[in-house]
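Structure provided below as structure tokens; questions to follow.
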Amino acid sequence: MRYSLKLFLIVLITFPIGLLVIFLGLLDRRGKLAYGVSRFWSWAILKIGGIRLKVQGLDHLDPSRQYIFMANHQSNMDIPALVQSLTKFQLRWVAKKELLLVPLFGWALWASRNIIVDRSNRLKAMASLRKAREKIEGGVSVVLFPEGTRSLSGQLLPFKRGGFVLAVRTQTPIVPITIKGSGTILPKGDWRIRGGEIEVIVSEPVHLGQYRPGNLRSLLNRVRGIIESHFRHHAGSPSDGSNGRQSAVPAEALS
């Protein structure tokens, strides 16, 4: 019964918020007003779901600059978790074009001026990367899931190259992010949201000075290795590269 109630409440708030995001997107071509409303929506989703956030490593980031955030992907809860973890940044997501077909959500995704990629058409995909570059130059940070889809096993899937091409061409630092616990709270293919804790581990930015388009594999392996290392080590221990720096933040404090 509680799962049905959570779903009902989420649908109840999503419909008016989605319409408001679409309306604001028509007024604001940069999407900042729409993103502000989306931030409230993400807070409400976590609150209704009984989900707590434990965020580690925010002190690695400079809120005055732009980044390309790359995170592993296990659950649809990864999106609100990242929005509420990175509240000091205007974020735009790299999303596949098929999501535009989802009623209301897809329209709100477009209205928020996120970056839509047609992965079946290389020329259109490259055009999307150019749009992403324009957004970064306009003061917006970009978020993407380099696996391209949610993992069923919890283990990392192979990373796609597109985001690394964008990072090298714009010389925008990549911030690897490890998300833990979201796959248990809302597994892929399930609708039942379980309460619990999502841990978001923000690693130090990877700067791109030594990387060129010809050695993307080295960059990809480095970022993937950083994210994967946090699955093998206890968060906050000296061996996980975080130097023990940690800040536990409840979801309700991040609105």
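The values are calculated or read from the model by the stated rules, or taken from the named source; none is laboratory data. Just so you know, these numbers come straight off a predicted model, no measurement behind them. Here the Cβ positions follow ideal geometry from the backbone for every residue, glycine too, while neighbour counts run over all protein chains shown.
Looking at the stretch 25-58, which of its residues are farther than 16 Å from Ala81 by Cα, touching a Lys or Arg at 6+ places or on another chain (Cβ under 9 Å) and not in a loop (DSSP other than H, G, I, E, B)? Steps first, answer last, please.
Of the residues in the stretch 25-58, the ones farther than 16 Å from Ala81 by Cα are 25-34.
Subset that is touching a Lys or Arg at 6+ places or on another chain (Cβ under 9 Å): 25, 28-32, 34.
The answer is Gly25, Lys32, Ala34.
Let me ask something else. Here are the criteria: (1) among the charged types (D, E, K, R); (2) loosely packed, with under 13 Cβ neighbours inside 10 Å; (3) closer than 16 Å to His73 by Cβ. Tell me which single one Glu134 does not satisfy.
All conditions are met except number (3).
Take Gln74 and tell me if it is surrounded by fewer than 21 Cβ atoms within 10 Å (Cβ to Cβ), among the polar types (S, T, N, Q), within 15 Å of the chain's Cα centre (by Cα) and closer than 29 Å to Leu157 by Cα.
No; evaluated as a whole, the condition is false for this residue.
Has the stretch 59-70 got at least one residue that is assigned to a helix (DSSP H, G or I) and not hydrophobic (A, V, I, L, M, F, W, C)?
Looking only at the stretch 59-70, we keep the residues that are assigned to a helix (DSSP H, G or I), and these are 59-60.
Now narrow it down to the ones that are not hydrophobic (A, V, I, L, M, F, W, C): 59-60.
Yes, the stretch 59-70 contains a residue that is assigned to a helix (DSSP H, G or I) and not hydrophobic (A, V, I, L, M, F, W, C).
List every residue pair whose Cβ atoms lie under 6 Å apart, where the two residues are 6 or more positions apart in sequence or sit on different chains, the first residue falls within the stretch 154-175 and is on the phi > 0 side of the Ramachandran plot, and the second residue, located anywhere, is modelled with pLDDT of 90 or more and outside any loop (DSSP other than H, G, I, E, B).
What qualifies is Gly154/Gly183.
So, of the residues in the stretch 107-126 that are free of Cβ contacts under 8 Å to residues at least 40 places away in the same chain, in contact with a strand residue (DSSP E or B) (Cβ under 9 Å, 6 or more places away or on another chain) and in a helix (DSSP H, G or I), which turns out to be nearest to Lys88 (Cα to Cα)?
Checked the stretch 107-126; the qualifying residue nearest to Lys88 (Cα to Cα) is Leu109.
Okay, moving on. Considering only the stretch 160-170, I want to know if a residue exists there that is hydrophobic (A, V, I, L, M, F, W, C), at pLDDT 95 or above and crowded, with 19+ Cβ neighbours inside 10 Å.
There is no residue in the stretch 160-170 that is hydrophobic (A, V, I, L, M, F, W, C), at pLDDT 95 or above and crowded, with 19+ Cβ neighbours inside 10 Å.
When the residues of the stretch 1-38 are filtered to those that are under 17 Å from the mean Cα position of the chain (by Cα) and either among the polar types (S, T, N, Q) or surrounded by fewer than 17 Cβ atoms within 10 Å (Cβ to Cβ) (or both), which remaining residue is nearest to Gly139 (Cα to Cα)?
Only one residue tops the list, namely Lys32.
Next question. Within the stretch 176-204, which residues are on the phi < 0 side of the Ramachandran plot and surrounded by fewer than 16 Cβ atoms within 10 Å (Cβ to Cβ)?
Those that are on the phi < 0 side of the Ramachandran plot and surrounded by fewer than 16 Cβ atoms within 10 Å (Cβ to Cβ): Thr184, Lys188, Asp190, Trp191, Arg192, Gly195.
Just give me the residues in the stretch 137-153 being at positive phi and surrounded by fewer than 17 Cβ atoms within 10 Å (Cβ to Cβ), in sequence order.
Gly139
Please specify each residue of the stretch 218-246 satisfying the condition of being modelled with pLDDT of 90 or more and within 22 Å of the chain's Cα centre (by Cα).
First, pick out the residues of the stretch 218-246 that are modelled with pLDDT of 90 or more: 218-229.
Answer for the stretch 218-246, where residues must be modelled with pLDDT of 90 or more and within 22 Å of the chain's Cα centre (by Cα): Leu219, Leu220, Asn221, Arg222, Val223, Arg224, Gly225, Ile226, Ile227, Glu228, Ser229.
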